[in-house]
Amino acid sequence: MKSSNVRPVELERINNAALAKSFIDSQIISLREQIGSKKVLLALSGGVDSSVVAALLIKAIGRQLVCVHVNHGLLR
């Protein structure tokens, strides 16, 4: 059985801080181009994935981001 914990091919080359910063910077530029002056609504689960997305979006668009987290009582 193949492991599901495998990095996508395009991320395999990110193996040091300088490459990680370069990748993050390119994603921020791309997000700014895609979003423009629009607002973004992000549903936060509190997990790693949505938290990382929130951090990237904050760097990219700042106050254009609106985050929502609903405490439904089912979290650990």
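No value in this document is a laboratory result; all are computed from the given coordinates. Not measured: the values here are computed from a predicted model. Please note: Cβ atoms are built from the backbone with ideal geometry, for glycine as well, and neighbour counts cover all protein chains shown.
Summary of values
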{"quantity": "Within the stretch 10-52, considering residues that are within 30 Å of L74 (Cβ to Cβ) and of a type in the set (S, T, N, Q), the one surrounded by the fewest Cβ atoms within 10 Å (Cβ to Cβ)", "calculated": "S45"}
{"quantity": "Selection count where residues are of a type in the set (G, A, S), under 13 Å from the mean Cα position of the chain (by Cα) and more than 14 Å from C67 (Cα to Cα), scope the stretch 21-54", "calculated": "2"}
{"quantity": "First in the stretch 24-39 and among the hydrophobic types (A, V, I, L, M, F, W, C), second anywhere and assigned to a helix (DSSP H, G or I), Cβ under 6 Å, 6 or more apart", "calculated": "I28/K59; I28/A60; L31/A60; I35/I61"}
{"quantity": "Meets criteria (loosely packed, with under 10 Cβ neighbours inside 10 Å, outside any helix (DSSP H, G or I), on the phi > 0 side of the Ramachandran plot and out of contact with any helix residue (DSSP H, G or I) (no Cβ under 7 Å at 6 or more places or on another chain)) for G73", "calculated": "yes"}
